[in-house]
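Let me begin by presenting the structure, written as structure tokens, before commenting on it.
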Amino acid sequence: MKERYTFPDPDWFDYDSLKEQCARYPDKALIMGHEGPFQMVTFLIEMDQFFMLMVDAPETAKYILDKMVEFELEYYRRCFEAVPGRIDILRPHDDYGTQISLLFSVDMWREFFKENTEKLVRLAHSHGAFYQQHSCGAVGPLIPEFIACGVDVLEPVQKVQSLEVETLREKFDGKITFHGGIDTQGVLPYGTPEEVERETRLFIDTLGKGGGYILMASQAFEGDVPIANIEAVYSADRHVGGRLSTE
């Protein structure tokens, strides 16, 4: 049955349009990426059903994930080659956590996701790009795994267990860059500009010393965030900035 399914095909896409898109922003760092292998699978299969496959039929689960990453590797390769040297960051987004824990054990992540993550990282690096792993949730236990795979940036930092800003600095300083952190569930929509600026300074002062931090909301600035609070984020960043590093 699995051989009869039509998986995504890189031939479905027009890569020539990338030249025009990149030409619009000659002086900007450019990022690309869409859903990662896991997120793509959850568009096809209910998440709980896929979790059962991971337990009851692991070879089938791995086959589906491998087909997704096979597509992504070729799709992204063609993107990189269509605009040589213009893509700065590859950012697939897979969500491996909830707000209280991982969706599965670290051992299961290694079994089902590590090898494919390494493949995507190697592709990005082979084209001179950084690799930014998006994963919402309490993914602190996976950070050593991301580092071992060569991931350059983890995004987002959320206000959840295992991603406490002081803990990240203590455990991972200089090993990976962190992106985000200014809380979009609490302080940004409901705090005062002064509270937002204090929160922002905490992240800059804790994670940004010497680089290793990219300032941003923990998620995008949502529609319930007052303009004054968005301004407060960037007023706090007048004198300190983050940098990307593969060191």
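So here's what we get for this one:
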read-out	value
Sulfur and carbon atoms: percent of accessible area, region 102-149 [1.4 Å]	50 percent
Given LYS28/LYS114; LYS114/LYS159; LYS28/LYS62, the pairs whose alpha carbons are separated by over 27 Å	LYS28/LYS114; LYS28/LYS62
The chain - charge dipole about Cα centre, Lys and Arg +1 at Cβ, Asp and Glu -1, debye rounded to 20	600 debye
Reference-scaled alpha-carbon Rg (2.2 N^0.38 Å with N residues) for region 1-137	1.12
Gyration tensor over alpha-carbon atoms, region 110-216, equivalent ellipsoid semi-axes in Å	27, 14, 12
Probe 1.4 Å, accessible area per residue of the chain, Å²	51 Å²
Aspartates and glutamates with Cα under 19 Å of LYS19, excluding same-chain neighbours fewer than 8 positions away	ASP11, ASP27, GLU74, GLU81, ASP88
Rg to Rh quotient for the chain, alpha carbon positions, Kirkwood Rh	0.98
Counted charge near GLY150, where neighbours are those whose Cβ lies closer than 9 Å (Asp, Glu -1; Lys, Arg +1)	-1
Solvent-accessible area, 1.4 Å probe, carbon plus sulfur percent, for region 1-97	52 percent
Sparse-neighbourhood loop sites, GluC sites (Glu not before Pro) in region 101-178 - DSSP loop, at most 16 other Cβ within 10 angstrom	GLU164
Net +/- balance of residues flanking PHE113 in space, Cβ distance below 9 Å, scoring K and R +1, D and E -1	-2
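The values are calculated or read from the model by the stated rules, or taken from the named source; none is laboratory data. If you're wondering where the values come from, they're calculated on a predicted model, not measured in any experiment. We place every Cβ from the backbone using ideal geometry, glycine too, and count neighbours over all the protein chains shown. For accessibility, only protein heavy atoms count, side chains too; no ligands or nucleic acids. Shrake-Rupley method; radii C 1.70, N 1.55, O 1.52, S 1.80 Å.
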